[in-house]
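*Asks:* This is the structure I want to talk about, given as structure tokens.
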Amino acid sequence: MGDMLLGVVGLAVFFVFVGVGGYFLYKFKNARLTSAWGPLVALVNGKVAGDDGGAATSWLTGVWKGRAVAASLSPGLNQHEDGGAKYNYFDVALRDVPGKHDWSVEYTRRVIGIGQTGWQVRADNPALEEALRAAGVAALVAPFGETPSHFQRPSLEYNRRTRLLRYRMDVSPAVTPSPGQFTALLDMLLTIDAINRQANPA
């Protein structure tokens with residue numbers, strides 16, 4: 001009976017130790033992610049929040065030229081499901097963007113002679129798709145780089161349900177874009193938002 005009680009107490013102490021250790025590890029990792037935002041926070045008078053979990057993702061919310069914006073960073077993600085090379089994911093979105101139809105812009109590559117290589121504009125409405133092409137949205141996105149081949153989502157995407165106009169990128173080996181690149185991304189989203197409002201009214 002004494003050995004059993006000793007074992008239970010030992011196990012309880014072990015779980016407490018693991019829990020406390022995990023808490024401080026989370027706090028340390030989250031603090032590192034928070035500091036990674038650096039000067040970008042002040043640019044949007046922003047606020048940083050962690051993921052309340054494994055400290056794998058950090059969010060920044062703020063305002064740019066009177067518009068609500070949100071960004072997230074997730075460093076050290078696997079490029080493929082089976083592991084392999086790592087990359088640093090970053091996205092930035094313009095919030096509260098009205099629109100009737102979903103659409104996206106991405107760089108695609110031919111695979112074994114199938115498909116097209118180049119920037120593609122896709123929408124669930126043919127007239128909108130043509131209007132976005134004519135307005136040159138792909139040319140506005142292209143200077144920020146091709147859609148990485150390991151991405152499952154397009155570089156630029158508008159979602160009518162979330163009302164987000166979101167741009168995604170691989171910023172490796174950095175964790176965030178530079179302040180100049182970040183503000184250029186935000187201005188690009190504002191320009192495309194104006195195009196969306198005209199071509200895709202709610």
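The values are calculated or read from the model by the stated rules, or taken from the named source; none is laboratory data. Bear in mind that the values here come from a model prediction, so they are computed numbers and not experimental data. FYI the Cβ positions are ideal-geometry reconstructions off the backbone, even for glycines, and counts take in every protein chain you see. Note: accessible area is taken over every heavy atom of the protein model, side chains too, but ligands, DNA and RNA are not part of it. Shrake-Rupley method; radii C 1.70, N 1.55, O 1.52, S 1.80 Å.
*Asks:* Inspect region 45-68 for any residue being open to solvent by less than 50 Å² (accessible area, probe 1.4 Å), at pLDDT 95 or above and farther than 22 Å from residue 163 by Cα and give the result as yes or no.
*Replies:* There is no residue in region 45-68 that is open to solvent by less than 50 Å² (accessible area, probe 1.4 Å), at pLDDT 95 or above and farther than 22 Å from residue 163 by Cα.
*Asks:* If you take the residues of region 140-182 that are open to solvent by 30 Å² or more (accessible area, probe 1.4 Å) and β-branched (Val, Ile, Thr), which of them is nearest to residue 86 (Cα to Cα)?
*Replies:* If we take residues in region 140-182 being open to solvent by 30 Å² or more (accessible area, probe 1.4 Å) and β-branched (Val, Ile, Thr), then 175 is nearest to residue 86 (Cα to Cα).
*Asks:* Taking region 69-106 as the search range and keeping residues that are of a type in the set (Asp, Glu) and assigned to a loop (DSSP other than H, G, I, E, B), which one is modelled with the lowest pLDDT? Quick ask: steps written out before the conclusion?
*Replies:* Quick first cut of region 69-106, residues of a type in the set (Asp, Glu) only: 81-82, 91, 96, 102, 106.
Still in the list and also assigned to a loop (DSSP other than H, G, I, E, B): 81-82, 96, 102.
Numbers: 81: 74, 82: 70, 96: 97, 102: 97.
For region 69-106, the residue satisfying everything is 82.
*Asks:* So which of 137, 121 ends up being open to solvent by less than 30 Å² (accessible area, probe 1.4 Å) and without any contact (Cβ under 8 Å) to a residue 24 or more places away in the chain?
*Replies:* 121
*Asks:* Also, I was wondering about something else. Would you list the strands (runs of 3 or more DSSP E) that sit entirely within region 107-202 and hold 2 or more residues that are under 18 Å from the mean Cα position of the chain (by Cα)? Lay out the reasoning, then the answer.
*Replies:* Working: elements: 118-123, 156-159, 164-170.
In region 107-202, the matching strands (runs of 3 or more DSSP E) lie at 156-159, 164-170.
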